[in-house]
1. Sort out which residues of the range 178-201 are at pLDDT below 90 and assigned to a loop (DSSP other than H, G, I, E, B), and write them in order of number.
2. Answer yes or no as to whether I148 is in contact with a helix residue (DSSP H, G or I) (Cβ under 9 Å, 6 or more places away or on another chain) and either at positive phi or of a type in the set (A, V, I, L, M, F, W, C) (or both).
3. Give the range 128-177 a look and list any residue that's touching a residue at least 40 places away in the same chain (Cβ under 8 Å), among the aliphatic types (A, V, I, L, M) and crowded, with 21+ Cβ neighbours inside 10 Å, or say none.
4. Give the number of residues within the range 39-61 that are more than 23 Å from C152 (Cα to Cα) and either within 16 Å of the ligand (Cβ to nearest atom) or surrounded by 15 or more Cβ atoms within 10 Å (Cβ to Cβ) (or both).
5. For the range 136-177, which fully contained helices (runs of 4 or more DSSP H) count at least 1 residues that are within 19 Å of G50 (Cβ to Cβ)?
6. Considering every residue within the range 110-130, establish whether at least one is closer than 30 Å to Y27 by Cα and of a type in the set (V, I, T).
7. Restricted to the range 43-78, and to residues that are under 23 Å from V109 (Cβ atoms) and among the acidic types (D, E), which residue is modelled with the lowest pLDDT?
Amino acid sequence: MKKLAYLLLILSCLCSPFYNKKKFSEYFVPEKVLECYQQTINPEANFPLGHYIDSIYLDKEKLKKFEEKLEEKGYTKKEIEKFTKIFLTRDNIIYNEKITSNKDLKERVTMHERAHSLVARLGKKEKEILQKTWRNLLERGVFSNLCIYNPCAWHIITNREEFIPYIIDGTFLSLEDTLRINYPDAYKIYERIKKEVKENK
Ligand SMILES: [Zn+2]
């Protein structure tokens with residue numbers, strides 16, 4: 001009986017959506033490399049300190065462009081191969097290496113990108129709960145009110161994927177209470193992700 005309980009415990013751990021989440025695939029790269037990537041996939045976007053690979057944006061043509069840009073910056077073939085591999089792997093997290101010199105910034109950026117990774121791995125039902133919550137908050141004008149104090153709120157309004165990461169990294173901490181009081185199901189998911197992000201620090 002004891003053996004069975006033990007087996008069940010192992011099975012439940014293996015089936016947990018967070019089983020594979022003990023480690024993040026994180027890479028610190030020079031700013032120049034992120035700049036080349038950014039210019040290749042979306043020249044108009046803001047320059048990122050961190051980037052989560054939620055899907056592969058480098059198609060054949062863009063990959064060639066990216067490699068050319070890296071070559072222009074003086075990187076060797078071997079280095080270019082190493083960088084492209086990082087950007088071509090889903091669920092990788094890539095950081096601008098300059099964040100390592102600022103402890104607070106590093107903490108904020110890593111928490112944000114790790115939250116992206118954990119949200120992406122949620123099950124369908126949990127994703128739906130978060131999406132519904134996001135839509136409801138959007139319709140209630142909660143995000144546009146935040147814009148008055150912080151232009152970053154625009155990211156949450158235009159991209160629902162940014163909703164949880166921006167609360168977890170502390171940018172919109174006030175929303176934590178909003179979730180806890182008005183959206184208990186979403187709060188449970190949020191709390192678990194936050195714990196997981198911190199445990200892996
Ligand atoms: Zn983000």
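The values are calculated or read from the model by the stated rules, or taken from the named source; none is laboratory data. Just so it is clear, the structure is predicted and the values come from calculations on it, not from any experiment. Cβ coordinates were reconstructed from backbone atoms using ideal geometry, including for glycine residues, and neighbour counts include every protein chain displayed.
1. Once the filter is applied, which keeps residues that are at pLDDT below 90 and assigned to a loop (DSSP other than H, G, I, E, B), the range 178-201 yields N200, K201.
2. The answer is no for I148.
3. Those that are touching a residue at least 40 places away in the same chain (Cβ under 8 Å), among the aliphatic types (A, V, I, L, M) and crowded, with 21+ Cβ neighbours inside 10 Å: L130, L137, I164, I168.
4. Final tally of qualifying residues: 3.
5. 153-158, 163-168
6. Looking for residues that are closer than 30 Å to Y27 by Cα and of a type in the set (V, I, T), one finds at least one in the range 110-130, hence yes.
7. E44
Per-residue answers, yes or no, for (1) more than 16 Å from the ligand (Cβ to nearest atom); (2) part of a loop (DSSP other than H, G, I, E, B); (3) among the hydrophobic types (A, V, I, L, M, F, W, C):
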site: I80; (1), (2), (3): yes, no, yes
site: T89; (1), (2), (3): yes, yes, no
site: K98; (1), (2), (3): yes, no, no
site: L105; (1), (2), (3): no, no, yes
site: E113; (1), (2), (3): no, no, no
site: H116; (1), (2), (3): no, no, no
site: L122; (1), (2), (3): no, yes, yes
site: K125; (1), (2), (3): yes, no, no
site: L130; (1), (2), (3): no, no, yes
